[in-house]
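Written below as structure tokens is the structure these notes are about.
The values are calculated or read from the model by the stated rules, or taken from the named source; none is laboratory data. Here the structure is a predicted model, which is why all the values come from computation and not from measurement. With ideal geometry, Cβ positions are generated from the backbone for all residues, glycine too; neighbour counts draw on all protein chains shown. SASA here: full protein model, heavy atoms, side chains in, ligands and nucleic acids out. Shrake-Rupley method; radii C 1.70, N 1.55, O 1.52, S 1.80 Å.
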Amino acid sequence: MMELVTIFLSTFLIVGIGELGDKTQIASGIGAIANRRNVKIIFFSSALALVSVAGITALFAGLIPDDYLPKIIKAGGFLLIIYGLYLSNITSGSDDSIIQGITPEASVTKLFLTHFTVVFTAELGDKTQIATLAIAIDNQSQLFIVFFASASALIFVTAVTVWGFTKIPRQWIGKVQKLGSVLMIVYGIHMIIQ
């Protein structure tokens, strides 16, 4: 039993600390600011994307061919650039339009799928997934515990990020969103050229 607790806690801490300030967390936080009316959609799409990648990583450790990872990382970088440009573009509107949401007429499904795709693709091959993969390989008989710990850490950090970003004072929203958009674009460029 103690071995399971140790595997869970070490995985949770490694993944949780590794995810702090990560590109997917920036995307989730800025997405929450830009979609104040749909914060739950941003949270659930981010959490589901992160848990899906953690599941693929932990439960299917080693099945994704190594030569696919650079292509997946570049695709994630490209999507981050597009999402960053999109969010940067909408900050040029008034603060009220930013607070009310990206596009009031946009469907919840479209918002969910768009944000899910950006976070899912950006998280593939990420440092926290490499850590999850290494832990899964070392603990082949406990893959579900590794997955559960990794997923729990990702959900926890995402919840804190989304909640925290919604507490940003109204007068700072445009500036924070602009800064987050620039950071997503820079992360995306880095992912493409690395």
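If R₀ is 41 angstrom, what is the calculated FRET efficiency for the pair V182 and Y68, using the beta carbon separation as r and rounding to 0.05? Mind showing how you got there, number by number?
Details: r = 29 Å, r/R0 = 0.71.
Working from the Cβ atoms, E equals 0.90.
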statement: Which of [x] 1.00; [y] 1.17; [z] 0.94 gives Rg/Rh (Cα atoms, Kirkwood Rh) as computed here? It is [x]
- request: Measure off 7 Å from each Cα along the Cα-to-Cβ vector at F156 and L13, then give the distance between these two points in nanometres to one decimal.
  value: 1.1
statement: Per the 1/(1 + (r/R0)^6) rule, R0 = 30 Å and r from the Cβ atoms of L113 and V5, FRET efficiency to 0.05 is 0.20
message: If each residue of separation counts as 0.36 nm, what is the full-extension length gain between K175 and L59 once their alpha-carbon separation is subtracted?
response: 37.8 nm
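If DNA, RNA and ligands are ignored and the probe is 1.4 Å, what is the ranking of D22, D67, D138 by accessible area, most exposed first?
Details: D22 5, D67 100, D138 125 Å².
Largest accessible area first, the list is D138, D67, D22.
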- line: For the chain, the longest principal axis of the Cα atoms and the Cα long axis of helix 127-138 enclose an angle in degrees, to the nearest 10, of 20
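How big is the charge dipole of the chain about its Cα centre, in debye rounded to the nearest 20, if each Lys and Arg gets +1 on its Cβ and each Asp and Glu gets -1 on its Cβ? Walk me through the numbers on the way to the answer.
Details: 12 positive and 11 negative charges, 134 e Å.
That gives a dipole near 640 debye.
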For the chain: accessible area per residue (Å², 1.4 Å): 50
- prompt: To the nearest 20 debye, what is the magnitude of the charge dipole of the range 1-90 about its Cα centre, counting +1 on the Cβ of each Lys and Arg and -1 on the Cβ of each Asp and Glu?
  reply: 500
message: Tell me which of T132, W172, P70 sits at the most positive position along the dipole axis of the chain, charges placed on C-beta atoms (Lys, Arg +1; Asp, Glu -1).
response: W172
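Using Cα pairs under 8 angstrom and six or more residues apart, how large is the relative contact order of the chain, in percent?
Numbers: 278 pairs, mean separation 89.7, N = 194.
Averaging sequence separation for qualifying contacts and normalising by length gives 46 percent for the chain.
Of the peptides 142-152, 165-175, how do they stack up when ordered by the mean number of other Cβ atoms within 10 Å, highest first? All intermediate terms of the calculation are to be shown ahead of the outcome.
Working: 142-152: 21.2, 165-175: 13.5.
Highest-to-lowest ranking by the protection proxy: 142-152, 165-175.
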- prompt: Put +1 on the Cβ of every Lys and Arg and -1 on every Asp and Glu Cβ in the chain; which of T57, F120, I7 then has its Cα farthest towards the positive end of the dipole?
  reply: F120
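Can you pull the percent of the range 1-66's accessible area that's carbon plus sulfur, 1.4 Å probe, other chains left in place?
Carbon with sulfur: 74 percent of the solvent-accessible area.
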